[in-house]
Structures are given as structure tokens and as C-alpha cells.
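First the structure, in the form of C-alpha cells, and then the observations on it.
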Amino acid sequence: MAPRAYWKGSLKLSLVSCPVALYPATTTVDKIRFHMINRKTGNRLRQQMVDSETDEIVEDGQKTRGYEVAKGKYVEIEKDELDAIQIESTHTIDIDSFVPKDEIDERYLDHPYYIAPDGKVGLDAFAVIRDAMKDQDRVALARIVLTNREHVVAIEPLGKGLLATTLRYPYELREHEDYFDNIKSPKVTKDMIELARHILNSKAAHFDPSTFKDTYENALKALVKRKAAGKPIKVEKMEERPSNVVSLMDALKQSLKSRGSPNRATHAPARRRMSHRRSTKKANRSLARRRKAS
């Protein structure tokens with residue numbers, strides 16, 4: 001059964017519009033989650049808000065929002081004040097422009113959503129917008145209001161539907177120069193780079209998410225399953241990490257050698273098969289000659 005829509009409204013391109021539904025493209029339902037419980041009773045614990053200075057429990061009626069304007073000094077923001085500036089949702093995804101996909105900096109990509117037609121009405125308009133983007137190889141930039149905030153979304157064709165990804169605002173990104181400017185530029189030889197290229201080529205592959213394994217999540221599930229079944233848990237000691245290799249050139253050579261050995265191993269069975277075939281053919285010819293002589 002398809003999940004419930006996260007948002008419903010219309011997709012609008014100039015004077016063309018169609019009803020659509022928005023669905024989250026990701027989920028964390030299968031991830032292991034823990035609750036804090038009382039070790040003595042086994043009951044789940046309930047959190048309470050406590051005044052940081054008096055240590056007294058604060059009841060719901062005394063709670064309000066505050067923004068820290070100075071160390072330990074807050075300005076109160078009331079709910080009706082927030083409601084007054086709240087952006088009213090028009091339940092419309094307004095397409096503003098179409099841009100080349102490769103111009104979108106991947107650091108701006110945030111949360112992905114699926115856009116599907118909401119009913120049969122406007123299906124033709126949905127298909128026209130989707131297929132036009134396919135032909136032009138362009139991504140639509142649009143605006144949508146979600147949870148009282150306006151978001152910019154990048155919309156692109158995906159199968160029979162559309163993929164909408166919310167984009168971060170520039171103020172949400174940190175400047176990479178703040179982290180990279182102090183990186184030194186050591187002198188590396190051409191031989192080192194060439195060895196590294198060989199290692200990269202030996203690891204060349206295609207993007208296949210089905211090969212991703214969440215080792216920690218799988219270990220958590222196995223742990224919970226054993227504990228729930230009352231089976232003993234063996235806590236193994238962490239292995240010591242090997243010391244860093246001093247010589248970069250030696251590390252590159254060793255890496256290339258370790259990558260090369262599996263290739264030789266894969267060809268060995270083929271050589272053995274060829275040798276086996278030659279031996280078999282030779283034995284058959286010898287048997288045929290003996291039969292002819294007799």
C-alpha cells in the first residue's frame with residue numbers, strides 16, 4: 001500500500017497547472033531506535049523541562065520560546081508573534097525557471113521528495129511538464145511552503161514521475177576556504193601520482209547502491225535479536241589499529257600489489273581449464289590411433 005501524501009496541491013507552470021501529491025523519498029523506519037528506560041523497573045523514562053538555574057521542573061504553562069541575544073540573556077518570542085509572520089501556504093508549487101542540471105552545486109541539495117499526479121484530473125498537463133523537461137535536459141526551480149517555511153526545490157523527471165529536492169539557502173552553507181586555505185601543498189613525484197592512478201583504475205566500478213552495507217545497523221539488529229531471545233552476548237575487544245606507514249611510496253606500491261593479486265587468481269582457473277582440454281584432446285587422439293591399429 002502506498003504511503004500517505006506528505007503534501008497535496010498543484011504544480012504550476014505559467015498558466016498550466018495540475019494537482020499533485022508530494023511523498024518523502026527517504027525513510028528511517030527500519031533504523032534501530034532506543035528509548036531510555038529505568039534499569040530497575042524496565043519502564044520507559046519521561047523527560048521533563050528543568051530550569052537551568054533553580055533546578056525546578058517547569059510546567060507547560062510557563063514554557064515559551066526565547067532567542068539568546070547575549071550570554072544568558074534571552075528575548076521572549078510569543079506564539080502569536082510567530083503566527084503573525086507565518087507564510088501562508090498557497091498549496092502551489094510555482095515553477096520560476098529552468099536551469100542546466102550540472103549548474104546546481106551538490107552542496108545545496110537537501111531532502112528528496114517524489115511528485116506524483118493526484119488523481120486523473122490534470123494527468124495530461126503533468127505528462128507535458130515532465131516530458132518537456134526530459135527533452136530539454138533541464139531542472140525546474142520552484143517554490144513551495146512546507147512546515148511554515150518557503151523552500152526552493154529542484155524538480156527533475158524520474159521514471160513516470162518527478163523528483164523534487166529541497167535546496168539549502170546560501171546562508172546554510174559554510175565556505176570551503178575556511179577549511180582548505182591552510183592545507184599545505186607538498187611536493188609529490190610523478191611516480192607517486194602514476195601509482196595512485198593505477199590503484200584508482202583497479203578500483204573502477206559503477207555506482208550500485210545495492211552493494212552498500214550498513215555494518216553498524218546490521219550489528220545493532222543482531223544484538224537486539226540475541227538479547228530479546230535471551231542468548232548470551234560476547235563482548236569482543238577492539239583490535240588495535242596498525243601504526244601509520246612511514247613511506248608513502250611503499251604504501252602505494254603495496255596497495256597496487258594487493259589489488260593485482262586477485263586478477264592473477266582469476267586467470268589461474270582459466271589456464272588450468274585450457275591445460276585440461278589439451279590433455280583431454282591428446283588422450284582422445286592416442287585412443288583413436290590405437291583403435292585404428294587394432
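The values are calculated or read from the model by the stated rules, or taken from the named source; none is laboratory data. Remember, predicted model here, so these are calculated numbers, not experimental data. All Cβ positions, glycine included, derive from the backbone under ideal geometry; neighbour counts span all protein chains shown.
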Applying the selection to segment 175-219, what residues are of a type outside the set (A, V, I, L, M, F, W, C), closer than 30 Å to Thr28 by Cβ and either in contact with a Phe, Trp or Tyr (Cβ under 6 Å, 6 or more places away or on another chain) or surrounded by 10 or more Cβ atoms within 10 Å (Cβ to Cβ) (or both)?
Asp214, Glu217, Asn218
Of all residues in segment 16-35, which are assigned to a strand (DSSP E or B) and either in contact with a Ser or Thr (Cβ under 6 Å, 6 or more places away or on another chain) or under 30 Å from Pro209 (Cα atoms) (or both)?
Ser17, Pro19, Val20, Ala21, Leu22, Tyr23, Pro24
Conditions (1) surrounded by 10 or more Cβ atoms within 10 Å (Cβ to Cβ); (2) more than 18 Å from Ser10 (Cβ to Cβ); (3) within 36 Å of the chain's Cα centre (by Cα); (4) of a type in the set (S, T, N, Q): number failed by Thr92
(2)
List pairs: first in segment 142-162 and free of Cβ contacts under 8 Å to residues at least 60 places away in the same chain and closer than 14 Å to Asp110 by Cα, second of a type in the set (A, V, I, L, M) and not in a strand (DSSP E or B), Cβ under 9 Å, 6+ apart or cross-chain?
Ala154/Ile104
Here is a check on your reading of the model: is Arg107 basic (Lys, Arg) and modelled with pLDDT of 95 or more?
yes
If we keep only residues of segment 18-33 that are at pLDDT 90 or above and touching a helix residue (DSSP H, G or I) at 6+ places or on another chain (Cβ under 9 Å), then the residue surrounded by the most Cβ atoms within 10 Å (Cβ to Cβ) is Val20
Please return the ranges of strands (runs of 3 or more DSSP E) entirely within segment 36-118 where 2 or more residues are closer than 29 Å to Tyr6 by Cα.
92-100, 109-117
Matching residues, segment 1-15, being surrounded by 15 or more Cβ atoms within 10 Å (Cβ to Cβ) and either in contact with a Pro (Cβ under 8 Å, 6 or more places away or on another chain) or not in a loop (DSSP other than H, G, I, E, B) (or both)
Trp7, Gly9, Ser10, Leu11, Lys12, Leu13
Asn148 more than 22 Å from the chain's Cα centre (by Cα), at pLDDT below 90 and under 26 Å from Ser97 (Cα atoms):
yes
For segment 159-187, name all the residues that are among the aliphatic types (A, V, I, L, M), out of contact with any helix residue (DSSP H, G or I) (no Cβ under 9 Å at 6 or more places or on another chain) and closer than 16 Å to Leu11 by Cα.
Leu163, Ala164
Members of segment 187-220 that are touching a Lys or Arg at 6+ places or on another chain (Cβ under 9 Å) and under 10 Å from Leu256 (Cβ atoms):
Leu195, His198, Ile199, Ser202
